[in-house]
């Protein structure tokens, strides 16, 4: 009886060891896959960030230009009001 119990215990420990090794291997493979995906996503986000910054800067320049032009129009209207 003790011999069968010891065999069962040894078998369960061996299965646990194999399961731990398989889980560790799966974890390693997942991390490797995510690492390459992370690099691609980081590059895409960087491109998006650069494009967004450029777009925001461009919009700011356009708004400044429009504000200056509007200011010039307002000055002209104040100096020479339209005939009513």
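Can you confirm whether residue 48 is modelled with pLDDT of 90 or more, surrounded by 10 or more Cβ atoms within 10 Å (Cβ to Cβ) and under 22 Å from the mean Cα position of the chain (by Cα)?
No; evaluated as a whole, the condition is false for this residue.
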Some residue of the stretch 3-10 being modelled with pLDDT under 90 and either surrounded by 10 or more Cβ atoms within 10 Å (Cβ to Cβ) or within 28 Å of the chain's Cα centre (by Cα) (or both): yes
Residue among 30, 23, 79 that alone is surrounded by fewer than 10 Cβ atoms within 10 Å (Cβ to Cβ) and modelled with pLDDT of 85 or more: 79
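The values are calculated or read from the model by the stated rules, or taken from the named source; none is laboratory data. None of these values were measured; they are calculated from a predicted model. Cβ sites come from the backbone with ideal geometry, for glycine too, and all protein chains shown count toward neighbours.
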